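First the structure, in the form of structure tokens, and then the observations on it.
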Ligand code: 13P
Ligand code: SF4
């Protein structure tokens with residue numbers, strides 16, 4: 001039986017939480033987790049955050065090992081910014097539909113067809129696409145960065161057409177959009193959301209800008225995961241409808257036990273159905289094994305890393 005699949009006999013009976021704590025100390029490791037990770041992983045992480053905060057933590061850490069509980073582009077970002085650290089990702093198959101939608105060769109051809117445009121690119125993309133980009137943005141930094149780009153500068157925005165469309169509507173910037181989507185946020189149903197709103201007429205809706213415009217049209221607040229979390233703390237009333245990956249509600253329920261958080265529904269009307277299948281690949285068992293074996297590791301060829309670092313550095317400078 002394969003111990004790496006987490007079902008193997010060698011892991012039976014292990015206190016995974018205690019073992020992860022022991023290995024974290026032995027390895028001088030830091031565990032970074034995104035808000036979309038399962039609750040158990042969020043609870044043991046040294047830091048839980050959005051894509052921008054996690055990038056900054058990865059850059060600043062003095063740990064020898066970064067165990068990244070998130071998806072591959074996030075762990076690669078950590079390696080780009082901290083090349084001397086060992087970066088492990090519990091499951092290397094933890095990808096992202098936005099990254100998949102934007103192959104580097106097609107993106108390069110798109111850029112070549114628009115030589116007067118700069119490429120403002122969402123962090124949810126491969127290292128190769130970062131290397132082809134001018135400035136990386138996250139959902140919490142995109143507006144700030146866009147405001148610093150001269151109004152007459154033509155822009156390509158990829159790979160998320162919904163985030164790009166939201167930014168274009170909000171700022172009035174006319175950007176060329178790459179046609180990628182997040183399968184998780186794309187799955188929310190407007191009809192079901194309206195039914196839910198009718199059941200909770202005073203509850204505001206907070207939505208991630210990866211949602212399609214027909215969902216954002218019903219939102220009282222639009223922002224990144226950390227933005228949504230902050231909104232939950234200051235919103236009017238005590239019930240919130242949350243249109244993003246439902247694991248973020250773990251942080252809300254912990255911080256605000258007196259409030260009610262309801263996941264926006266998908267087409268079948270079931271709440272909390274929009275679990276990211278990529279984020280869900282990381283488990284306690286795989287995190288334990290990653291710390292034990294220091295594998296699977298993220299490795300990036302140095303020339304490629306330096307090119308990708310350039311666009312990430314610009315994001316960090318422009319949001320300092
Ligand atoms: P943020 O945490 O930066 O809002 O990003 C959400 C996301 O889709 C991560 O995959
Ligand atoms: Fe990618 Fe969407 Fe999953 Fe985020 S939630 S990792 S954008 S598929």
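Looking at residue 141, is it modelled with pLDDT of 95 or more, surrounded by 20 or more Cβ atoms within 10 Å (Cβ to Cβ) and touching a helix residue (DSSP H, G or I) at 6+ places or on another chain (Cβ under 7 Å)? The answer is yes for residue 141.
Just checking, does region 254-266 include any residue being under 17 Å from the mean Cα position of the chain (by Cα) and under 25 Å from residue 18 (Cα atoms)? Taking every residue of region 254-266 in turn, none turns out to be under 17 Å from the mean Cα position of the chain (by Cα) and under 25 Å from residue 18 (Cα atoms). Counting only residues that are within 16 Å of ligand 1 (Cβ to nearest atom) and either at positive phi or assigned to a strand (DSSP E or B) (or both), region 123-158 holds 5 of them. For region 277-298, the criterion of being without any contact (Cβ under 8 Å) to a residue 24 or more places away in the chain, surrounded by fewer than 20 Cβ atoms within 10 Å (Cβ to Cβ), away from ligand 1 (no atom under 16 Å from the Cβ) and under 23 Å from residue 88 (Cα atoms) is satisfied by at least one residue. Exactly one residue out of 148, 153 is surrounded by fewer than 16 Cβ atoms within 10 Å (Cβ to Cβ) and touching a helix residue (DSSP H, G or I) at 6+ places or on another chain (Cβ under 6 Å): that is 148. Scanning region 50-72 for residues that are away from ligand 1 (no atom under 15 Å from the Cβ) and out of contact with any strand residue (DSSP E or B) (no Cβ under 7 Å at 6 or more places or on another chain) yields 59, 60, 62. Within the group 161, 106, which residue is within 15 Å of ligand 1 (Cβ to nearest atom) and free of Cβ contacts under 8 Å to residues at least 24 places away in the same chain? Residue meeting the stated conditions: 161. Restricting attention to region 223-259, which residues are surrounded by fewer than 21 Cβ atoms within 10 Å (Cβ to Cβ), more than 16 Å from residue 33 (Cβ to Cβ) and in contact with a strand residue (DSSP E or B) (Cβ under 6 Å, 6 or more places away or on another chain)? Result: 231, 239. Considering region 36-52 alone, what residues qualify as being part of a helix (DSSP H, G or I), within 16 Å of ligand 2 (Cβ to nearest atom) and either more than 16 Å from the chain's Cα centre (by Cα) or within 12 Å of residue 280 (Cβ to Cβ) (or both)? Within region 36-52, 41 is the sole residue that qualifies. Only one of the listed residues (58, 33, 29) is crowded, with 19+ Cβ neighbours inside 10 Å and more than 17 Å from the chain's Cα centre (by Cα). That residue is 29.
The values are calculated or read from the model by the stated rules, or taken from the named source; none is laboratory data. Just so you know, these numbers come straight off a predicted model, no measurement behind them. Quick reminder, even Gly has a Cβ in these numbers, built from the backbone with ideal geometry, and neighbours come from all protein chains shown.
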